[in-house]
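The next block holds one structure in the form of structure tokens; read it before the comments.
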Amino acid sequence: MTDLLIKDGMVIDPSQALEERGDILISDGRVEAVGKNLKSEKAEVFNASGLIVAPGFIDLHVHLREPGLEYKETIESGARAAAAGGFTTVCCMPNTNPVNDNSSVTSFIIEQARKAGMANVLPIGAITQGSKGEHLAEIGEMKSAGIVAISDDGRPVLDSGIMRRAMEYSRDFDLPVIDHCEDCCGVEGWAMHEGEYSALMGLKGLPGAAEDLHVSRDIILAEMTGAHIHIAHISTARSVDLVRHAKKRGLRVTCEVAPHHFTLTDADLYRSGYDTNFKMAPPLRSQADLEAIIEGLRDGTIDAIATDHAPHHANEKMYEFDKAPNGITGLETAVSLTLDRLLHRGVITLSRLIELLSCNPARIFKLDRGTLKVGSVADVTIFDPEKQIKVDISKSKSKSRNSPYDGWELKGAPIATIVGGKVVQGITKQTE
């Protein structure tokens, strides 16, 4: 493997309170040195002047569709999209076909990712067999095979007894439990957030309380069992407040937010004129919810930004709004949206941004990533916070194009993605 010397970048690594201009020398896939005026006779040189050099970004929540739904996305195409978006590691949800509820599927995903040779792909195992919410999956066997968490994402675990047992097992196996918090509140076949705009559009709405009820239950069970519960794609003001208070009480509760929940609301869906690229689960919420999400990002309540990358074939998104599948792609727009809407609007600092996208995700899933310490695996994201871009979904590396951001002009973008010392996205530039 060729050595790499990243020169003259602004190195920001919250894991070691590092924020200074300098160099990083990578050898044999690991960080060999961090400092000023580093030299190497054999290393390729990347001139990072004017750029931010950070620990590799980690996405805790993606859907890669393989096995079984490869027409939407494959592990290879998803890993390629991740690298293009600045992510060195992605954690893939188990709602494939078959569901990742056993060690054979887990091993298949890991092997496909190895063959792809792009971003690291870490499987998340199902909580229950077939994600049906009835019987626990083989959690121990999947842990041995390589899962990093358990979840029935896409389907809430409605049975509190099952969830309690899942938390007890997860505690013993030292795995976080990720829950898709959604109690239908008697609303079947919902299509968007319940409120003024659902009434105007004549669509069945799901109230924010549907999420709040489940978040509250999971916090209670986490306190009861001592397990680590991670709330996926948090979207309501009350849920953010519930997590905030749980943390103050010292409970093992973390949460993530997807970029669409801090950039879009149900009003944007209304203005889109029934564009199914604005349909996701949880649905786009109210302006008040968005503002609460922003505050949760500002004050540290929200631990991570995760894309909830959910590719769908164009034909599926052409169905009537209430029949179209939920979800949007997100791997290639998340970093730019975060820079544009959070950094440049003064919500968060660069250091906090890197915590949300790298250090905290590594901590939550106990990964040996999220740092540039000497000796660590050389996963690095290099980005330009000032680079102006225009989103062009037609150029996406993903197999799917279901995004509401096509044509958006944003400030800030990833420049290069380095995985295990290998540049998988971006072109190295020789210095003189």
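Where a number appears in this text, it was derived from the coordinates with a stated rule and is not lab data. Just so we're clear, the structure is a prediction, and the values are computed from it rather than from any experiment. Positions of Cβ are backbone-derived with ideal geometry, glycine not excepted, and every protein chain shown enters the neighbour counts.
Counting only Cβ charges, +1 for Lys and Arg and -1 for Asp and Glu, the dipole size of the chain around its Cα centre is about 660 debye.
Distance from the alpha carbon centroid of region 45-91 to that of region 144-170 works out to 25 angstrom. Taking amide hydrogens as placed 1.01 Å from N in the peptide plane, the amide H of residue 255 sits under 5 Å from those of 231, 303, 304, each at least 5 positions away in sequence or on another chain. Helix 209-225 and the longest principal axis of the Cα set of the chain meet at an angle near 70°. Report note on the peptides 168-175, 338-345, 259-266: ranked by the mean count of other C-beta atoms within 10 Å, highest first, their order is 259-266, 338-345, 168-175. Check cross-link reach from residue 387 to the aspartates and glutamates: straight Cα distance under 17 Å, and skip same-chain residues fewer than eight apart. Straight-distance partners of residue 387: 332, 340, 409. Paramagnetic label reach from residue 187 (point 7 Å along Cα→Cβ; backbone nitrogen cut-off under 17 Å): within region 296-325, residues 321-324.
Summary value for the chain: 20 percent relative contact order, contacts being C-alpha pairs under 8 angstrom separated by 6+ residues. For region 56-364, the mean projected area of the C-alpha convex hull, equal to one quarter of the hull surface, is 14.2 nm². In order along region 388-397, the Karplus-derived 3J(HN,Hα) couplings, from 6.51 cos²θ - 1.76 cosθ + 1.60 at θ = phi - 60°, round to 8, 10, 10, 5, 10, 5, 5, 9, 5, 7 Hz, and Gly and Pro are given as x. Sorted into 5 angstrom bins from 0, the C-alpha pair distances of region 12-119 split as 2, 10, 17, 18, 14, 11, 10, 9, 6, 2, 0 percent.
What is the Cα centroid distance between region 206-239 and region 247-323, reported in whole angstrom? After rounding, the separation between the Cα centres reads 16 Å.
In order along region 270-284, the phi-based Karplus estimate (6.51 cos²θ - 1.76 cosθ + 1.60, θ = phi - 60°) of 3J(HN,Hα) comes to 4, 6, 6, x, 6, 6, 5, 6, 9, 9, 8, 10, x, x, 4 Hz; Gly and Pro are listed as x.
Between 0 and 90 degrees, rounded to the nearest ten: what's the tilt of helix 160-173 against the longest Cα principal axis of the chain? Here the helix axis deviates by roughly 20 degrees. Here the peptides 74-87, 269-282, 92-105, 385-398 are ranked by packing, the mean other Cβ count within 10 Å, and the order with the highest first is 74-87, 92-105, 269-282, 385-398. Would you mind checking the tilt of helix 75-84 against the longest principal axis of the Cα atoms of the chain, expressed as 0 to 90 degrees and rounded to 10? On a 0 to 90 degree scale, this one is about 60. In plain terms, the chain from residue 248 to residue 388 could stretch by 46.5 nm, reckoned as 0.36 nm per residue minus the Cα-Cα distance.
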